[in-house]
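Okay, so here's the structure we're looking at.
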Amino acid sequence: MKTLLLWAVLISASAAAQPVPLDLYIGGRVVATAANGAIAYRYAWPGVWFEANFIGDAVDVQVDDAQDNLYLYIDGVHKLTLTRPGKTTVALKDLGPGSHVVRLEKASETQSSSGSFGGFYVGAPGQALPAPRYGRHIEFIGDSFTVGYGNTARGQVCSVADVDETTDTSRAFAPATAKYFGAAYRIHAFSGRGVVRNYDGIAPGETLPLLYQYSLFDKSAGVPQDGWVPDVIVIGLGTNDFSTPLHAGEAWPTREALHADFVKSYVEFVKSLHEKYPAAPVILMASDHAQNEIADGTTATAEALRSQGEDVGVIIFAGLDYSACHGHPSLKDDALLTKMLTERLSLLPKFAQ
């Protein structure tokens, strides 16, 4: 009898020692895969984040990402930066008693690889709390401006490595705007991509509306049916369509033809979004650069959409210094864009302060 009792105690202790996964709020498109009784979440889009609630002074974080910079937060405070960490488990300890919020954010942009998040874990079932909930939801669609391409750089001259190290999506205008409103957000942005034409004519046909149809950039997974419904959609496209001269052999013989195709395709893209999310107003953002071609194309798109009964607003931004990598918006510019956007969103009933 004593032997059986001891064996039962050992089994109970072993079971109690198993890490307990926390319920997650997932901010972004992911592909869930099961292996060895656990679920991992593959991701590719910039700004993906994961968040959970727990009780206790410790939590483990499992990641598998050899390309990205990841930020870990506890109760909104940046605790740790994981620089291309590979496959590892990070133990956060001595967090203090009581309940806590743990958050992992992807800060960098990778266009040819994906990372994987294995979850947050605590030591006992009683420490696990329900996942966070959000009452507001914003979707951002865009290019390098939305990504935060090289936004922490001290100058415009940057190497490829410099861009990798100075791109910080977490400090770009999209997350800043969402956090101002306490909103959940998703970012679907890809540097160098446009509506119909990519930067300098590269990768013909591989435009943002095409990539938008997938969760991973290798096109191995489509859009998940995970219940995501934005309250507003903010789109910043057009810079790559118009910022460089047309080259021989491209699909548009003239700038006028490019403009017409841009407007037509942009209208179709926005309408497809409204079909999916009919209650979400759309705000189009564009700069005044490129002899106003970007702004003119965006304004023409909005006018065409409004003529068809679509709910569309426009923000044309000026006054940025573009002092970050390769003439991209700096952190100062991101602050200006955040101010413009928060003021505009505050006019919506769902986001009124």
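The values are calculated or read from the model by the stated rules, or taken from the named source; none is laboratory data. Remember, predicted model here, so these are calculated numbers, not experimental data. Cβ atoms come from the backbone with ideal geometry, glycine included; neighbour counts cover every protein chain shown.
Pick out, from region 236-353, the helices (runs of 4 or more DSSP H) lying fully within it that include 3 or more residues that are outside the structural domain of residue 175 (by TED's automatic domain parsing) and touching a strand residue (DSSP E or B) at 6+ places or on another chain (Cβ under 6 Å).
By residue number, no helices (runs of 4 or more DSSP H) qualify.
Within region 24-64, the residues that satisfy the criterion of being assigned to a loop (DSSP other than H, G, I, E, B), at pLDDT 95 or above and over 21 Å from residue 178 (Cβ atoms) are 56, 57, 58.
Just one of the listed residues (333, 288) is touching a helix residue (DSSP H, G or I) at 6+ places or on another chain (Cβ under 6 Å) and acidic (Asp, Glu), namely 288. Looking only at residues of region 142-162 that are touching a residue at least 40 places away in the same chain (Cβ under 8 Å) and assigned to a helix (DSSP H, G or I), we find that the one that is surrounded by the fewest Cβ atoms within 10 Å (Cβ to Cβ) is 162.
Considering region 163-199, the residues that are surrounded by fewer than 23 Cβ atoms within 10 Å (Cβ to Cβ) and among the aliphatic types (A, V, I, L, M) include one that is farthest from residue 323 (Cα to Cα), namely 183. Of all residues in region 108-127, none satisfies being over 20 Å from the mean Cα position of the chain (by Cα), among the charged types (D, E, K, R) and assigned by TED's automatic domain parsing to the domain that holds residue 52. Restrict the check to region 118-130 and report whether at least one residue is crowded, with 24+ Cβ neighbours inside 10 Å and touching a strand residue (DSSP E or B) at 6+ places or on another chain (Cβ under 8 Å). So far as region 118-130 goes, yes, one or more of its residues are crowded, with 24+ Cβ neighbours inside 10 Å and touching a strand residue (DSSP E or B) at 6+ places or on another chain (Cβ under 8 Å). Of 230, 209, 204, all but one fail to be over 22 Å from residue 271 (Cβ atoms) and either under 15 Å from the mean Cα position of the chain (by Cα) or not polar (S, T, N, Q) (or both); the exception is 204.
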